[in-house]
Ligand SMILES: Nc1nc2c(ncn2[C@@H]2O[C@H](COP(=O)(O)OP(=O)(O)OP(=O)(O)O)[C@@H](O)[C@H]2O)c(=O)[nH]1
Ligand SMILES: [Mg+2]
């Protein structure tokens, strides 16, 4: 899963990128989108790894992409700048909470940029289809019908964008979703807002007006936490006490981002490897199998499934069977977060 770190210039994106991935930002690279990987900490995987003592333990990951900031004074160029994250699976919107600006206003403005970029793409296509409808009357009936269906859908989207400024309330049928997937609309991607705060804002509640706009929003003192991480454990403790900081929040933030992006994990276990695999919420067992290997999805027969919590109680697959918590599931089984799966496939 790839998440674009986006925001206005100087909002703290590269700092957050480095905090989350440990990769040093390179301003030149971020012009093209600099990529870094973060492992998602998971106590369940740690427990499984201690239990199986495998040769290798592999966590689920998120790929973050640091991007150049949008510029408020050259707004017309912002849709092009946003092009860099069209293929991202989700957006982490970083707002500047350390310089004393108005967070609610910054978020509002940033959402307008996303809206404007999407509207431009959809309106262009609507214009093209309308032109063709007039000019190309000779087009085969089938094609013309398909164009009309697409046009109706796109008009619905333009209306939602213009009137509601969001696509959150647009429900798309599966084929509609497929039909517009290639537009890679930013407002259809899951997003999470993160206010980058400095030591001046530690322990302060986020402004009420901002929380109303983004109830799920997180805040993080990314720069400060990175500085603290460089200290010896003892110094860190002292500084944290002085600052009134109870804990470092990097790991929790990664888990929160993972959840907000509507990803879940299932596990594969064994003496060779214990591994957490990320899949979208609502994905079925074949999709899960495909993550591991395309052969496993092609030859999918069944999945042996034990929920992590159950496995922890009984301690082995064999015991899981005798305690009735072992299940055999088919292709359409919807994988649950924390399932331990073994895919049976014919090859
Ligand atoms: N005081 C303070 N400064 C910060 C904090 N986070 C980032 N900064 C500073 O703000 C400036 C911009 O931070 P970056 O992380 O480079 O911001 P950016 O969004 O990547 O900027 P662009 O890539 O130019 O759009 C840098 O000088 C950072 O050191 C913070 O929490 N507190
Ligand atoms: Mg940057």
Inset, instruction - Return the Rg/Rh value of the stretch 157-305, two decimal places, where both radii are evaluated on C-alpha atoms and Rh is the Kirkwood radius. - result: 1.08
Inset, instruction - Any chance you could check the Cα centroid distance between the stretch 310-338 and the stretch 171-228 for me, in angstrom? - result: 35 Å
Inset, instruction - With a bin width of 10 angstrom, please list the P(r) values of the stretch 1-131 as percents of all Cα-Cα pairs, from the 0 bin to the one holding the largest distance. - result: 11, 34, 28, 16, 9, 2, 0
Legend entry - Average projected area [Cα convex hull, the stretch 282-345], square nanometres: 4.0 nm²
Legend entry - MRE, 222 nm, helices only [DSSP H, n ≥ 4, -39500 (n - 2.57), over the chain, to nearest 500]: -13500 deg cm²/dmol
Inset, instruction - Quick one: grab Rg to one decimal and Dmax as a whole number for the chain, Cα atoms only, in Å. - result: 23.5, 78
Legend entry - Computed over the chain: relative contact order in percent, which uses C-alpha pairs under 8 Å that are six or more apart: 19 percent
Inset, instruction - Take 166, 57, 253, 171 and order them by how many other Cβ atoms sit within 10 Å, fewest up front. - result: 171, 166, 57, 253
Inset, instruction - Could you calculate the FRET efficiency of residue 163 with residue 237 from 1/(1 + (r/R0)^6), where r is the beta carbon distance between them and R0 is 41 Å, rounded to 0.05? - result: 0.15
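Just so you know, all these numbers are worked out from the coordinates, no wet-lab data involved. Because the structure is a prediction, the values reported are computed rather than measured. All Cβ positions, even for glycine, are placed from backbone atoms using ideal geometry, and neighbour counts span all protein chains on display.
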